[in-house]
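J.: First, the structure itself, so that you have it in front of you.
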Amino acid sequence: MQDLTRRTVIGGAAALMLAGRAVAQTGQQTIAPVDPGDEMVPLWPGAIPGRQGSRIARKVNERSKTLGFNDRWMTGIDTPALVVKRPARPNGAAVLLMPGGGYGFLAYDNEGTEQARWLNALGVTCFILLYRLPGEGWGDRRLVPLQDAQRAMRVIRHGASGFGVDPARVAIIGFSAGGHLAGSLATRHGETVYAPVDAADRLSARPDLAGLIYPVVSMDAAITHKGSRDNLLGPTPTAAEVAAASVDGRVTAATPPVFLAHASDDRTVPVANSLSIYTAMLTAQRPAEMHLFDEGGHGFGVRLPKTTPAAAWPTLFATYAARKGIFPA
């Protein structure tokens, strides 16, 4: 890990801990919990980068028709935050979860709360990232999600002792467009995309491991998910903007280990995206593990029947994370 010592992180941890779990405040804004009792951690202590005065209000669309089963899509992320999900028996490992939704919404349950549930059962502390959606009126739209992702990693490390996590064992998992965001953080963690605001910003934003699940990787029109590209870059991006936002072209020697899972029958985000970054990782001689499944489609999260091949990915990820020293062996 670059630019980070455990002593530095633990010494400054208390500055970011909250007095209560139900409602968090930053500046003049209040972050309401998504569910009663949620522990909410605001990302920005004052002005949020790129705010232009547009009225943005959080909205939750419950798509489930089954009583007791949530399938919420979230838009209007006016105040980016972390939703902390703590395990009963924490083991020090942490995962920052990045739901997908084509950069137009967040699939909060399918790629957030349901992921936290199985990870909590393994003793892993989870942080669901409520990141800003670039098309909702923010300035410098192409950098908005990455600003939140970088800041989230630094907030987690700065508050590591209070969260009960090891700052050297923080992984990320992103899904679909959230996979693009996770890949962007893995490859652009050292890039300056916002002005530092406090002591947390002296810490590294580099994840220790990146899980990319059916990810959008390239902005190349031949293989990208058009909706994600349009929402992130606008309908007519320049060639330079396309190149800058394509994760497969940003892999360096500083890129952390990457785990990939994708289904060959994905009709939304072509499997070529995973193949592209896997090839880039091999070319850069960086550690990577890829699992391509015959069946699974897109957006499967952890909902697939055990008989469907792609249902194996959480176990495979946990095994890889243990081998890389993030999860206990």
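J.: Based on this model, can you work out whether Q115 counts as at pLDDT 95 or above, touching a His at 6+ places or on another chain (Cβ under 7 Å), closer than 26 Å to V217 by Cα and not in a loop (DSSP other than H, G, I, E, B)?
T.: Working: at pLDDT 95 or above: yes; touching a His at 6+ places or on another chain (Cβ under 7 Å): no; closer than 26 Å to V217 by Cα: yes; not in a loop (DSSP other than H, G, I, E, B): yes.
In short, no.
J.: If you go through the range 195-224, how many residues are under 28 Å from T315 (Cβ atoms), touching a Phe, Trp or Tyr at 6+ places or on another chain (Cβ under 9 Å) and not hydroxyl-bearing (S, T, Y)?
T.: The number of residues fulfilling the criteria is 7.
J.: Further question on the same structure: Let me spell it out: the conditions are (1) outside any loop (DSSP other than H, G, I, E, B); (2) crowded, with 24+ Cβ neighbours inside 10 Å, and P167 meets all of them except one. Which number is the exception?
T.: (1)
J.: For the range 118-130, give me the residue count where each residue is touching a residue at least 60 places away in the same chain (Cβ under 8 Å) and surrounded by fewer than 17 Cβ atoms within 10 Å (Cβ to Cβ).
T.: Residues meeting the conditions: 2.
J.: Only one residue in T283, T268 is more than 24 Å from Q147 (Cα to Cα), surrounded by fewer than 22 Cβ atoms within 10 Å (Cβ to Cβ), in contact (Cβ under 8 Å) with a residue 60 or more places away in the chain and not aliphatic (A, V, I, L, M), so which one is that?
T.: Matching residue, one of T283, T268: T268.
J.: Which count do you get for residues in the range 247-276 that are under 18 Å from the mean Cα position of the chain (by Cα) and over 20 Å from A205 (Cα atoms)? Lay out the reasoning, then the answer.
T.: Start the filter on the range 247-276 by keeping residues that are under 18 Å from the mean Cα position of the chain (by Cα), which leaves 247-248, 250-251, 255-262, 269, 273-274.
Restricting the remaining residues to those that are over 20 Å from A205 (Cα atoms) gives 260-262, 269, 273-274.
So the answer is 6.
J.: Inspect the range 55-73 for any residue being under 29 Å from R206 (Cβ atoms) and touching a residue at least 40 places away in the same chain (Cβ under 8 Å) and give the result as yes or no.
T.: Checking the range 55-73: not a single residue is under 29 Å from R206 (Cβ atoms) and touching a residue at least 40 places away in the same chain (Cβ under 8 Å).
J.: Moving on to the next point. Can you tell which of D248, D294 is under 15 Å from M219 (Cα atoms) and either surrounded by fewer than 21 Cβ atoms within 10 Å (Cβ to Cβ) or in contact with a helix residue (DSSP H, G or I) (Cβ under 9 Å, 6 or more places away or on another chain) (or both)?
T.: Values: D294 fails: under 15 Å from M219 (Cα atoms).
Just a single option satisfies the conditions, and that option is D248.
J.: State which residue is surrounded by the fewest Cβ atoms within 10 Å (Cβ to Cβ) when the search covers only the range 306-329 and only residues that are in contact with a helix residue (DSSP H, G or I) (Cβ under 7 Å, 6 or more places away or on another chain) and modelled with pLDDT of 95 or more.
T.: My answer is P328.
J.: Oh, and also: In the range 297-329, what residues are in contact (Cβ under 8 Å) with a residue 40 or more places away in the chain and of a type in the set (G, A, S)?
T.: Passing the criteria: G299, G301, A310, A318, A321, G325.
J.: Assess whether A93 counts as being hydrophobic (A, V, I, L, M, F, W, C), touching a residue at least 60 places away in the same chain (Cβ under 8 Å) and crowded, with 22+ Cβ neighbours inside 10 Å.
T.: Answer is yes for this residue.
The values are calculated or read from the model by the stated rules, or taken from the named source; none is laboratory data. Computed from a predicted structure; not experimentally measured. Cβ sites come from the backbone with ideal geometry, for glycine too, and all protein chains shown count toward neighbours.
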